Structure formats: C-alpha cells, structure tokens
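Asks: Sending over a structure as structure tokens; questions will come in a sec.
Any read-out appearing in this document is the output of simple, stated calculations on the displayed coordinates, not a laboratory observation. As the structure is a prediction and not an experimental result, all values here were calculated from the model. Cβ placement follows ideal geometry from the backbone for every residue including glycine, while neighbour counts extend to all protein chains displayed.
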Amino acid sequence: MSKNKIAVITGATGRIGSVFYKELLNLNYDIYILSNNQSTFRNLFKNIPKNYSKKIYRVKFNLLSNNSINKAINRIKKKNRKIDCLINCAAASNRGKFYKYNFKNLNSEFMGVFGASFYLTEKLLPLLRNSKNGKIINVGSLWGVSSPDFKTYLDLDIGPSAITSTCKAALMHYTKFLSSRESEYNLSINNLVPGWFPRKGKKERKDYINSINRKIPLKRIGKLKDLETSVRFLLSDETKYFNGQNLIVDGGYSIF
C-alpha cells in the first residue's frame with residue numbers, strides 16, 4: 001500500500017481532466033486513471049516524465065457498463081484501504097436542441113452524465129472516509145446552472161441535450177447533499193463549473209466563436225490555463241473549509 005496520497009479520476013484523458021491529473025502529479029499523488037480508451041491513455045502516458053510513470057495506474061472503466069464500473073471499483077478496493085481524492089470528470093452525453101429519446105438512449109445518457117459518477121462515488125465513499133481530509137471534486141457544466149441560449153449555436157445544433165442539462169444540475173445538488181451527509185467524516189465536496197471551453201474543430205467557425213464571445217463579459221472563450229488556478233485551489237490542503245460549493249469559471253457568462 002502506497003504511503004503517498006491516492007487519487008481516483010475519471011476523464012483524465014480529456015481536456016479538462018488533463019488539467020486535474022497534471023496538478024495531481026505536481027502534488028505527488030498516486031493516481032488511478034479510470035479510462036475506457038487505451039489509445040488516449042497511451043498518448044497521455046507518453047507525455048508523463050519517467051520519474052512519474054510508476055505513480056500512474058490505468059483502470060479500464062466504461063461509464064455505460066455496470067460490469068465495467070464494478071470491476072474498476074473492486075480493483076481499487078483490493079489495492080487500497082483509503083482514497084484521498086475522487087474526481088468525477090468523465091461524461092458521455094448527447095447534443096441537439098431536439099435530441100430524440102427512447103428508453104435505451106435516455107438511460108444511457110443518464111448514466112453517462114450523472115448515474116455512473118453517483119454510483120462510483122457511493123461505492124468508493126468507505127475508502128474516502130478513511131482519509132483524514134478526503135476530497136470529492138465533481139465537474140459540472142454551465143448548463144446545470146442556466147438554460148442554454150440555443151441562438152448562440154447558430155445553425156450547428158450542438159447545444160446540450162435536455163438530459164445533459166438536467167443531469168448536470170443533479171450533479172450540483174448531489175455535491176451539496178454529500179457535503180452535508182459526509183461532514184462527519186471530514187470530507188470536502190465541491191463542484192467545478194467550467195464555462196465555454198470548446199474544442200477546436202477541423203474547420204473553425206469564427207462566426208460561432210464570435211457568437212459565444214458576445215455573451216461573455218471578458219469577450220473571449222476559455223483556455224485550459226484559465227482553469228489551472230481553480231483546480232489548484234480545489235486540490236489544495238489549505239481549502240478544507242471550502243465545502244459544498246460550485247466554483248464557476250466562465251469569464252462572467254453566468255452573471256446575467
């Protein structure tokens with residue numbers, strides 16, 4: 001069993017998740033990266049300095065597979081008596097103003113955006129409670145705070161689906177619920193809410209970027225480095241009294 005602090009993170013191979021795992025490395029955590037795609041993990045691993053490579057463990061994890069989630073949980077429990085930090089960053093969601101639902105895809109998106117993170121958290125809580133000052137950090141969305149203005153997306157129809165927005169709001173409330181219920185175990189639970197951090201497409205639509213920028217007081221979309229200070233803050237041992245909060249990093253978009 002490692003003497004270092006131990007973190008479990010989903011979505012570390014994604015854009016926002018990468019900000020978390022880099023900071024976890026800087027803080028000398030042993031990191032369990034729950035990842036479904038082996039190739040993206042390999043790409044991430046190639047960029048890790050050799051002296052850190054023995055601190056990274058990949059655990060196969062599919063948000064939409066009950067069997068995969070349980071195997072990941074059992075592997076972590078078998079190797080560890082405690083976890084110091086859990087970061088729920090992964091999501092599998094749909095896009096579209098009028099995305100058409102049936103029972104199957106509704107259930108899949110619910111699990112992909114909220115259900116799997118909820119289940120993983122509940123199952124790993126006994127290990128988190130064994131930490132002296134455990135942390136849970138959820139990664140939400142502006143669309144859990146506000147309803148999207150679909151005009152912003154022009155003709156692209158890439159806005160969040162109804163289930164995505166609703167489940168991101170559920171994640172925010174789950175953060176508050178946990179911060180109350182788990183207070184007796186000295187756990188701090190918070191929710192990072194990134195604003196507009198769109199991926200760069202093969203063909204950049206400047207009219208779309210301008211449409212976003214017009215609604216942001218700082219007049220620009222976010223860059224990943226804009227999240228670094230907030231991630232550092234949430235992971236710091238000096239923020240034990242920050243609890244049950246939504247930390248919104250959006251250039252002021254949500255003030256209106």
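Asks: Of the labelled options (i) 29, 20, 19; (ii) 28, 26, 15; (iii) 36, 19, 14, which one gives semi-axes √(5λ) of the Cα gyration tensor in Å as computed for this structure?
Replies: Label (i) holds the value from this structure.
Asks: Placing one identical point scatterer on every Cα of region 77-168 and ignoring solvent, what is log10 I(q)/I(0) from the Debye formula at q = 0.13, 0.16, 0.23, 0.25 Å⁻¹?
Replies: Log-scaled intensity ratios, in q order: -0.54, -0.72, -1.10, -1.21.
Asks: About its Cα centre, what dipole magnitude does region 128-220 give when the only charges are +1 on Lys and Arg Cβ and -1 on Asp and Glu Cβ, stated in debye to the nearest 20? Intermediate values should be presented prior to the final figure.
Replies: Numbers: 17 positive and 7 negative charges, 83 e Å.
Roughly 400 debye for region 128-220.
Asks: For region 188-201, what does the Karplus curve 6.51 cos²θ - 1.76 cosθ + 1.60, with θ = phi - 60°, yield as ³J(HN,Hα) per residue in whole Hz, taken in order and with x for Gly and Pro?
Replies: These are the phi-based 3J(HN,Hα) values: 10, 10, 9, 10, 7, 10, x, x, 7, 10, x, 5, 7, x Hz.
Asks: Of the candidates Pro49, Pro217, Pro198, which one comes out as most mobile in a Gaussian network treatment of the chain with C-alpha springs shorter than 10 Å?
Replies: So, out of Pro49, Pro217, Pro198, the one fluctuating most is Pro49.
Asks: Which links in Lys46/Lys132; Lys77/Lys176; Lys46/Lys206; Lys151/Lys206; Lys55/Lys223 stretch past 23 Å when you go from one Cα to the other?
Replies: Numbers: Lys46/Lys132 33 Å; Lys77/Lys176 25 Å; Lys46/Lys206 33 Å; Lys151/Lys206 15 Å; Lys55/Lys223 27 Å.
Checking Cα-Cα distances, Lys46/Lys132; Lys77/Lys176; Lys46/Lys206; Lys55/Lys223 exceed 23 Å.
Asks: Given Ser108, Thr121, Gly201, which one lies farthest toward the positive end of the charge dipole of the chain, if we put +1 on the Cβ of every Lys and Arg and -1 on the Cβ of every Asp and Glu?
Replies: Gly201
Asks: Enumerate the aspartates and glutamates that Lys219 could reach by cross-link, defined here as Cα to Cα under 16 Å, with residues fewer than 8 away along the same chain left out.
Replies: Candidates past the 8-residue exclusion: Asp207, Asp250.
Asks: Between Ile158 and Lys219, what FRET efficiency follows from the Cβ-Cβ distance if R0 is 22 Å, with the result rounded to 0.05?
Replies: Numbers: r = 21 Å, r/R0 = 0.97.
With R0 = 22 Å, the Cβ-Cβ based efficiency is 0.55.
Asks: For region 8-84, what is the charge dipole size about the Cα centre, in debye to the nearest 20, if Lys and Arg each add +1 at the Cβ and Asp and Glu each add -1 at the Cβ? Display every interim value, and only then the final one.
Replies: Values: 16 positive and 3 negative charges, 72 e Å.
Value, rounded to 20: 340 debye.
Asks: Distance from a point 7 Å along Cα→Cβ of Ser147 to each backbone N in region 215-256: keep the residues under 20 Å and list them by number.
Replies: Those under the cut-off are 215-216, 253-256.
Asks: Helix by helix through the chain, keep the DSSP H runs that span 18 Å or more along the axis on Cα and average at least -1.0 on Kyte-Doolittle, and give those back in order. Kindly include the intermediate steps, with their values, before the conclusion.
Replies: On the way: long enough: 66-79 (20 Å, -1.40); 116-129 (19 Å, 0.52); 162-181 (28 Å, 0.17).
Result, helices passing both filters: 116-129, 162-181.
Asks: Would you calculate the separation in nanometres between label points at Lys60 and Lys203, each defined as 7 Å from the Cα along the Cα-to-beta-carbon direction?
Replies: 3.9 nm
Asks: Something else: For the chain, what is the calculated [θ] at 222 nm in deg cm²/dmol (nearest 500), taking -39500 (n - 2.57) for each run of four or more DSSP H residues and dividing by its residue count?
Replies: Roughly -11500 deg cm²/dmol at 222 nm, from the helical runs in the chain.
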